[in-house]
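Working notes, structure below.
The values are calculated or read from the model by the stated rules, or taken from the named source; none is laboratory data. Worth saying up front: this structure is predicted, and the values here are computed from it rather than measured. Using ideal geometry, Cβ is built from the backbone for each residue, glycine included, and neighbour counts are taken over all protein chains shown.
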Amino acid sequence: MDKPNKKTSFTLIAAIIGFMIAIQFQTVKKPIERDTRDIWQLRDALLKEKELQSNLLTEIRSNEKKLAAYDSKRKQSKEQALRDTLQELKQEAGLTEVTAPGIILKIEPVYEEIQLGKPVTKVVSPELLKRLLNELNMYGAKYVSIDGRRIINTTVIRDINSETKIDGHVIRSMPFEVRAAVDNMKAAEKLFNRMQVSKSTEEFFIENLRLTVTSPNPAVTVPAYDNPIRIKEMETVEEGGSS
């Protein structure tokens, strides 16, 4: 019984010794690599690492500035878009002065009738002005003023106590001008040609008034509407509320 136990113990010890010899052999065969660089080489490597780190930090700051600039530009673009939209709405409503290609129409008494001793016409009827406006609008006029008063969608022309009033403004003297502006010179020329053969010329002449149309001008200034605009039947809607 003792011999088998001795054989087993011997076999186990031999296996352990062989395993240790194998590990030692591998260690001797593949020694651990060591950094053999001198101090100057290590300093150079450190400097390169610091330079790389500095470049990365510079690039990060540059990208952060670009992002900040982009964000600022985006906000400014939104604000500019709102300003542009507001300006367009004001222009469409007639609240801004406009200088654009157009024509100027002059309304004055027929002086030949004065020489014949006939009474001078001092008042232009609202009907004549309304017909003239209708023709101008029909022929493409976008911005119109009469006697320095801007005409907008809510403008009222009427006779009050034998005086022709435009939104409360009284036309007291003649001659006076009607200014009509459009988008470009081609449209201005078209408007001029149409008004040259307009029925309004004859209608004014019947009332002893002369309507003269000037040649197209590249810079006709139409003043802004300066009366308060009253908006009726409109309410402010709260955000998230129902109409």
(message) Residues that are in contact with a Phe, Trp or Tyr (Cβ under 8 Å, 6 or more places away or on another chain) and closer than 22 Å to Pro228 by Cβ: does the stretch 98-114 have at least one?
(response) yes
(request) Please work out which one of (1) closer than 25 Å to Gln91 by Cα; (2) at pLDDT 95 or above; (3) of a type outside the set (Lys, Arg) is the condition Met234 fails and give its number. (result) (2)
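Residue check: is Leu105 of a type outside the set (Val, Ile, Thr), under 36 Å from the mean Cα position of the chain (by Cα) and at negative phi?
Working: of a type outside the set (Val, Ile, Thr): yes; under 36 Å from the mean Cα position of the chain (by Cα): yes; at negative phi: yes.
Yes; evaluated as a whole, the condition is true for this residue.
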(request) Only residues in the stretch 206-228 that are farther than 26 Å from Leu95 by Cβ count as the first member; pair them with residues that are of a type in the set (Lys, Arg), Cβ under 6 angstrom, at least 6 apart or cross-chain, and list the lot. (result) Thr212/Lys106
(request) Kindly indicate whether any position in the stretch 56-68 is surrounded by 10 or more Cβ atoms within 10 Å (Cβ to Cβ) and at pLDDT below 70. (result) no
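Tell me the residue from Leu86, Leu52, Leu95, Leu47 that is closer than 30 Å to Ala188 by Cβ, in a helix (DSSP H, G or I), modelled with pLDDT of 80 or more and of a type in the set (A, V, I, L, M, F, W, C), please.
Details: Leu52 fails: closer than 30 Å to Ala188 by Cβ; Leu95 fails: in a helix (DSSP H, G or I); Leu47 fails: closer than 30 Å to Ala188 by Cβ.
The conditions single out Leu86.
Just one of Val124, Val110 is in contact with a Lys or Arg (Cβ under 7 Å, 6 or more places away or on another chain) and modelled with pLDDT under 95; which is it?
Values: Val124 fails: in contact with a Lys or Arg (Cβ under 7 Å, 6 or more places away or on another chain).
Of Val124, Val110, the one residue that is in contact with a Lys or Arg (Cβ under 7 Å, 6 or more places away or on another chain) and modelled with pLDDT under 95 is Val110.
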